1. Could you derive backbone 3J(HN,Hα) for the range B:318-334 from the dihedral phi with the Karplus parameters 6.51, -1.76 and 1.60 (θ = phi - 60°), listing whole Hz in sequence and x where the residue is Gly or Pro?
2. What does the extension gain come out to for B:K847 and B:H551, with contour length at 0.36 nm per residue minus their alpha carbon separation?
3. Calculate log10 I(q)/I(0) of chain B for q = 0.04, 0.06, 0.07 Å⁻¹, where I(q) comes from the Debye formula with a single equal point scatterer on each Cα and nothing for solvent.
4. Set the Förster distance to 35 Å, then compute FRET efficiency between B:A1264 and B:S1049 from the Cβ-Cβ distance, nearest 0.05.
5. Please give the net charge around B:A254, taking every other residue with its beta carbon less than 13 angstrom from that of B:A254, where Lys and Arg add +1 and Asp and Glu add -1.
6. Tell me, what is the FRET efficiency for B:A696 and B:D920 to the nearest 0.05, using R0 = 60 angstrom and their Cβ-Cβ distance as r?
7. Name all residues of the range B:981-1018 having a backbone nitrogen under 16 Å from the label point set 7 Å from the Cα of B:R491 along its Cα→Cβ direction, giving them as ranges.
8. Using Cα atoms only, what is the angle between the long axis of helix B:212-225 and the major principal axis of chain B, expressed in degrees (0 to 90) to the nearest 10?
Amino acid sequence: MSIEACVTDDVLGTVSELLAPLVGDLDVLDIQITRDTAFHEDLGLESIDLVTFAGILAEHYGPDVDLAEFLSQKDLDEVIELRIGDITDFVAKRLAERG
Amino acid sequence: MVTQQPVAIVGMGVILPGAGSLAAYWDNLVSGVDAITEIPDRRRDSEFHGHAGVGGPDSTHGHRGGFVADTVDFDPIAFGIPPTDIGGMEPDQITALAAAVAAVDDAGGFDRLGDRAKVGVILGRGGYLSPGLVRFDQRVRGVRQITRTVRELVPSAGTETLSRLRSALLEPLGEFSAQSAIGLVPNLAASRVANRLDLLGPAYTVDAACASSLLAIDHAVNELTLRRCDVVLAGGVHHCHDDTLWSLFTQIGALSPSQQIRPLATSADGLLVGEGTAVIVLKRLDDARKADDRVYAVIRGCGTSSDGRGGSLLSPSTAGQALALRRAWAAAGIDPAAAGAIGLLEAHGTATKAGDTAELATIADVFGPPNGRRGVVGSVKSMIGHTLPTAGVAGLVKVALALHHRVLPPTLHCADPHPTLAATRFRTIGVAEDWDDDTPRRAAVNAFGFGGVNAHVVLDQGDTARRRPTRVSEPERVLRIAARSADELRRLLDQPAESAPVGDGPFRIGIVGPTEEKLAVARKVAAKVAREGTAWHGAKDIWCTADPLLHAPGARTAFLFPGLEGDTAPRYGDVARHFGLRNPAWSNASVLDRADSATGVGLLLDAALRRIGVTADALAGHSVGEWTAMQAAGMYSPAPTTELLLRYWPGGFALPDCEYLVLGCAVTTAEDMAAGLDIAISHDNAPHQSIVCGHADDMARLAENCRDRHVLVRRLAFRSGFHTPFVVPRLAPFERLVGELDLRPATIPVWSATTVGPYPTDPGEVRALYLAHLRQRVRFRELVETMYTAGFRVFVQAGAGQLGSFVGDTLGDACHLVVGAVSDVRTGLDQLRRVATALWVEGARPKFEALEPRRVRLDTSSTLMSVPDDARQLLEPAREDLPAGVSADVVAEFTALLDETRRSAAGVVAALSVQTVHQDLRVSLPDLPFLRDHRFFRQRDGWPDESDYRPVVPATTLVELACRRVEAAWPGVRAVAVRGAEFTRWLVADPASTVEVSMTRRGNDVEVTIGPFARLVVEVGRDFPPAGQVPTSSRPERTPPLSAAEIYSERQMFHGPAYQGLSALLGIGAGHIRGELVVPAAPGALLDNVGQLLGCWMMATFDDRLLAFPRSIDRITWYEREPGPGTKVDCVAEISTPLPELIVMTASLARDGRLIARIDGWQDIRFACDRREHRAYAFPDRHYLSTVDEDGMTSVVDNWVSPAAREFYAGVYLSGIERARWEKCPPRERRGWLLRRIAIKDAVRVRIADMGVTGVYPAEILVADDEVSVSGLHGRVLPRLAVRTAQAGEVAVAQACWNDERPQESRLRSQLATAVRRNR
């Protein structure tokens, strides 16, 4: 496994954990969060939840992991169809930029 | 001669015996279901049916046939037929319409029919004595006939009796209207379809007896070939099991003596009568291909003929039949005798000797002798009987499905094929076979009518590429379960029943479309809800709660109407159609279109919600949605938008060119960022969303600011300047509009997001607010908070979009429900089913049945007339208990008097058996002084605010009160048992209140409801039941860790003297405890002490969840009168913990060695409370809920999960003044607010303890709203302290400093971070 893949893998685990307060009951629902999990369709989250999640991400990783900016470049349809993989890629990219 | 065009069958619908739908019909055909049954009881007349041998025409040996179901899946209202009109119509008009609609739906819906001017309807229908006509004839002629006969037979009957007879005969026939009479004209079977579906092509019926429907299809093919029609709905109807028809077949010897129809069998002995309707949608094949239709099969050729003189009226002519067959194959351009010409032949197959013999001869003649692989011949009459005019199309639908599915369906009861079959090129089959490639995919259908009218149709397979399975879409089932306990809920969930809600009680779960997978999740959900006391709302289509929101007193429901939302496409058309409501258009094209769409859909959903019994206590809206709310409340009805535009905006509708940006932040942050820019905050949507409005360049700078502050920003798809000052220059037309609005009082309160309160009633003020709403901020977040404080707990979003998520964001984990009434992803009715489920779980009573597909009753019987019960002895001789010679008038009067007396007596008896008594119960400390010894919380001695102690009525005292009230209400009875007791809410004694107690007696059961607090059934009797043995056992046990006296002194039990009865704890084991008690003085204290014994066991057994309160008791049985105060009683309690949060007890009470009472299924719910927390609860003056570090910094963690547990700790820490503030706190801030106060109060107590001030109760410390200063309450003096606090999620920290100390802000923050980390 490449280093990059390792990083993304780890990020996926962390992002899943950070999502727990928003989604809550992944274990009850028997949902395994993967890169393909859709924010709206699979997790039932609305765009306002992304604001909350942006706060959680920044708190955990630091302000340079700025989901708000990332999302501002997307139109509404793209935001609605956002998948966890999009977020982990973005986080991994920012982490890599720190060197 | 015009060549017949190939015609595609693109849709089919059937209502046939055993099959209400096309899919069911195919299932039956393939699996060989014999749909022939006994004649249903309702239609059977033992004087007519089932008589051995052939008698006169007024009886028949027949008693079996093919019958359609009593109801049809069809919604007459959706097609503008009032249900009241149906009774008077011929049933075949309903079935024709239902089958036509099903066929059109099957073809892809009405939109695919194209130009309705070129759609025709041609149905085969016989001129038999149909049920509607029979009933009309009974009215027109039957009543006269009977009265005339009676007059002839009983000359003394007299005019009045005959007049009564006439009325009695007419009464059961129901109302008659001219509308009903028109419904009896035979051609309406076709023309009503054209009328209701608005089709402008020819619509008529054809009668060619049993060949009718194939003749109709022949006409249809001609209409299409001649291009007079582009689409024809063709088929046949026959719903006429009339006695005349059965008699006719009996008389001519055609009705099977063996009562089994065996077409093409040697043993065939006649037919059985069937009934049914089938309609197919026909198009020219070219058109169907262009439109990309699914083509089941292609009609290649139709042929028709008559026998001429060749046959008699009863015996068919082979020559005539062969002519029709040859004409059809000629039209198709194929030689029927060629090898590979045909794979399946649907024979007419009446199963009469003459019929089958002639038909097989025809077949042998036309198709020639065996020639290679044999094709299959059969007849569906073996399964459904002879459906006469419908027979041809019933066979044709079978053949089309067979071609489509490539399966050869079987024919029943033909183990011994007719000998002539051997001479043909066909064979019969008894089970379905694959239609393999070696058998030609061409088929044909015969239908031959009485009198020698013949028809034949040749079909090819359809376009294989477009083959798709037919499928019925059944409405989703909803599984609902209510239970009295989590345990019961789980039990019921393990064995979900098929129908109706199960059980009763506050533990509720609703699952839409319960698959095995969802049920598995639901079990986990139920366990979680029981464990944590939180509700589950909607994930995986599951809703669940342990405490329905709407059961709380004052809990209310609001409908919220969205404003202009993003680009959504809500699905609601089916809702409009189902309820017969206007179907509004949906368009995102312009601001005006969006507004019209949102309002139109909002009003539709409002009406639909009411139809399903979901009602609102108030309405509110977001932006434009507020106008929808006003309209839904009847405050005004606007003219159509086009009219408004012409009138008020003659120069064109214009709005400011202002952009909107949606910001992912609170309104305060938005205001910060907009400072210095010409930008207005137009919407305060939620804690995490605000909308700002302004011109492009200012907005660009604001967007920059957002990026700097890491705030999510998104541009809305439309422009205007509403809800900001930018719109002011454009308001003049609105002012004129609102000035001329015809305002009416609201039928239901409407809340304004401009004023954050209900609309005014004065029309002038309403007009002013209407305008203010246009230019002022939408304060939706505040509106939601205020509505919550006013008791609104359930919010139904009546429209598309994300409005509901604003409510969720605003209310956080405060108990509430948000549910959307429409969705983009599922149909409107499916979404409403979810609304109904969610609201049912939370305690509402929606009418689920209103969502079910409407079925219409079909009465195809023609039963004899009958008079109502009260006329049955009309012609009986006078009663013998009257002296002879009394006049008829006197007899009548006497009889009437007797009847009247009998009726009144029955009424009195019925009324006596159910009695309800309502009483008031005054609950206050002066009225029930013993409650001073049943207070949850401790306070400083002499504390003036009694409510801070929380005196409550114990559950067992409610039981006792109920029993005594029942005995007082029905003197002479004795309460001998109580069952199904449920305790839903604490009944607090201070502040005082008056509670309604209602008692309903049914026999020996009295249902008692004590306000919303408790309900139970008291069983009354004159004597106590005999007592059983006192249970004995010798299980291992140990000495309880504390003595009875210590239980109270250590405050393991909070009870005061009036409730202290435990005198000795004798032994304790893994699942039991024994003790001795002396009955205390307070009412209900004896049973309360049994509960205390349970508490002792729990305190000795567990280290967590140490708070437990009774939730329900299955049964309490008394074997003798409750012993008086001072009596010594022995008690043994058997205890189990089926779930961590639940304790269940069975207990027996004995006195001097004899059993005096038994308690079964006493359930306590346990709340989060460990030893440390219990100490803080029991001795709040000495212990802290917080942990304290060496610097005196406190940190407190809320692991309490359930709001009920949280409320408990609020009671320990807050004074009445603070509780009032807590109540006003926005719901999502409550948890943090409480946590910070706990941390501060503990920090203060830690700090003053340094000075030697101890024994301070938390309620004595009042924390100011700024959370910086604190003061003493009710005489407590505190030194001057400054406090600091910080909180994140479920953790709060605090520190109290002397005024001269420097606060350690950074220490506080790092302490918080540590505490948060530790807790994770």
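Quick note: the coordinates plus some simple rules give every number you see, no bench work behind them. All values reported here derive from a predicted model rather than from experimental measurement. We place every Cβ from the backbone using ideal geometry, glycine too, and count neighbours over all the protein chains shown.
1. 4, 5, x, 4, 4, 4, 4, 4, 5, 5, 5, 5, 5, 4, 7, x, 10
2. 104.8 nm
3. Each listed q corresponds, in turn, to -0.38, -0.79, -0.98.
4. Values: r = 37 Å, r/R0 = 1.05.
Calculated value: 0.40.
5. Numbers: positive: B:K353, B:K381; negative: B:D269, B:D356.
Surrounding charge for B:A254 is 0.
6. On the way: r = 67 Å, r/R0 = 1.11.
Efficiency for this residue pair is about 0.35.
7. Within reach of a label on B:R491: B:981-982.
8. Approximately 90 degrees, to the nearest ten.
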